[in-house]
Amino acid sequence: MAALKSVVIGAGQAGLSAAYWLQRRGLRPWGDYVALDSNDGPGGAWRHRWASLTFDAAHGLHPLPGLPLEAPDPAEPSSAVVSRYYGEYERTFGLPVERPVRITSVTRPTDDDGLLVSAADGRSWLASTVISATGTWDRPHWPRYPGQELFRGRQLHTHDFVSAEEFRGQRVLVVGGGTSALQFLLQLDAAGATTFWSTRRTPDFRTAPFDANWGADVERRVGERTRAGLPPLSVVAATGLPLTGQYRDGIERGVLASLGPLSRLTREGAVLAGGRGLELDAILWATGFRASLGHLAPLGLREHGGGVLMSDDGVSVVREPRLFLVGYGASASTVGATRAGRAAAVAALHRLDALPRPENREGARSA
């Protein structure tokens with residue numbers, strides 16, 4: 001098996017940024033590095049977003065290095081905008097993205113100093129460095145509540161949401177305190193559903209500008225946890241909710257009014273912590289996602305606190321110096337993903353520069 005200098009797992013925002021900088025700094029596509037993506041086409045997690053999440057309603061669509069993101073029709077679905085943009089990006093720079101490739105494990109071979117990246121279809125790639133950019137989309141978080149298995153109505157997660165029109169005339173409880181919950185509540189209300197909102201804490205609406213200083217502060221606070229080996233905070237816990245005109249209107253109309261924490265579910269609906277019962281047709285769990293790190297389990301990276309201990313650069317994994325992690329911690333949101341991809345590429349290249357150079361080690365497209 002021929003070895004590659006680097007393998008990037010994932011071709012979303014962070015993965016494409018990492019691939020761009022690996023190539024920009026001298027690695028040959030297909031010969032020195034590849035990017036392996038589990039999707040059928042470009043777009044990363046964005047290609048799976050519901051059609052009603054239009055470009056003007058999506059928060060944090062950030063450009064990739066070297067190619068501006070031109071403003072499209074604001075009413076166009078963000079899934080289409082980003083998929084088109086990422087596809088153009090891959091073609092413009094000739095990035096070596098192979099798909100669909102579902103990675104099942106990254107292991108340490110006993111007879112080589114690289115990492116072995118294995119796919120579900122039986123193929124594998126040996127790499128001196130690995131940049132894991134798998135994000136969170138395929139790990140929806142379903143919290144557990146008493147009686148959850150008893151509820152006779154429909155339960156779905158953000159991951160599975162398609163259209164608010166499906167719930168016209170129904171009584172729907174939205175659970176979660178992030179921006180997705182706000183968007184669902186407004187769309188469901190507009191579609192003719194009767195909505196209820198449950199959050200564990202009082203919604204944290206903020207009027208401060210969501211600018212570069214805000215983004216840097218968010219990354220700093222999230223980074224403090226990952227550098228301590230603790231699991232990252234949820235996105236909303238770190239960012240708060242932007243008090244936009246649309247959300248302000250929803251608050252004034254009573255649509256964006258949290259009823260407080262959820263206590264348990266029943267056959268007919270739910271009971272809130274304060275004792276109020278709700279008769280429901282559906283429950284939409286807008287409860288976020290967790291880092292998709294199952295393929296890294298063989299490396300034993302978890303600390304006692306449950307997280308992965310990261311170096312000060314935010315991308316280097318302390319327990320495995322050949323591995324660089326993006327889409328985790330501060331780079332799990334679009335605020336820091338592009339910068340994290342660059343940081344991971346630079347860190348991987350620094351490690352490659354420090355390695356001895358075997359005379360007969362050549363790259364291969366796949367093994």
Tally the residues that are assigned to a strand (DSSP E or B) and surrounded by 21 or more Cβ atoms within 10 Å (Cβ to Cβ), restricting the search to region 138-186. 4
Pairs returned, first residue in region 60-87 that is at pLDDT below 85, second residue that is assigned to a loop (DSSP other than H, G, I, E, B) and β-branched (Val, Ile, Thr), beta-carbon separation under 7 angstrom, 6 or more apart or interchain, are GLY60/THR334; GLY60/VAL335; LEU61/THR334; HIS62/THR334
Of (1) at pLDDT 95 or above; (2) surrounded by 14 or more Cβ atoms within 10 Å (Cβ to Cβ); (3) assigned to a loop (DSSP other than H, G, I, E, B); (4) not charged (D, E, K, R), VAL34 satisfies all except one. Which? (3)
Would it be correct to say that SER118 is in the same structural domain as GLU320 (by TED's automatic domain parsing) and either among the hydroxyl-bearing types (Ser, Thr, Tyr) or at pLDDT 95 or above (or both)? yes
Applying the selection to region 102-129, what residues are more than 12 Å from ALA3 (Cβ to Cβ) and surrounded by 21 or more Cβ atoms within 10 Å (Cβ to Cβ)? ILE103, VAL106
Criterion first (without any contact (Cβ under 8 Å) to a residue 40 or more places away in the chain and in contact with a Lys or Arg (Cβ under 8 Å, 6 or more places away or on another chain)) does ALA193 satisfy it? yes
Out of (1) within 26 Å of ARG339 (Cα to Cα); (2) more than 19 Å from the chain's Cα centre (by Cα); (3) not hydroxyl-bearing (Ser, Thr, Tyr), what's the single condition that is false for GLN148? (1)
So the check is Cβ under 7 Å with 6+ separation or different chains; which pairs have a first residue in region 273-289 that's farther than 20 Å from GLU166 by Cα and assigned by TED's automatic domain parsing to the domain that holds ALA193 and a second one that's modelled with pLDDT of 95 or more and of a type in the set (D, E, K, R)? none
Only unsatisfied item for THR104, checking (1) touching a Gly at 6+ places or on another chain (Cβ under 6 Å); (2) of a type in the set (Ser, Thr, Tyr); (3) outside any loop (DSSP other than H, G, I, E, B), is (1)
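Only one residue in THR244, THR179, THR195, THR239 is closer than 27 Å to HIS48 by Cα, modelled with pLDDT of 95 or more and among the hydroxyl-bearing types (Ser, Thr, Tyr), so which one is that?
Details: THR244 fails: modelled with pLDDT of 95 or more; THR179 fails: modelled with pLDDT of 95 or more; THR239 fails: modelled with pLDDT of 95 or more.
Criteria check complete, one pass: THR195.
The values are calculated or read from the model by the stated rules, or taken from the named source; none is laboratory data. None of the values given here were measured: they were computed from a predicted structure. With ideal geometry, Cβ positions are generated from the backbone for all residues, glycine too; neighbour counts draw on all protein chains shown.
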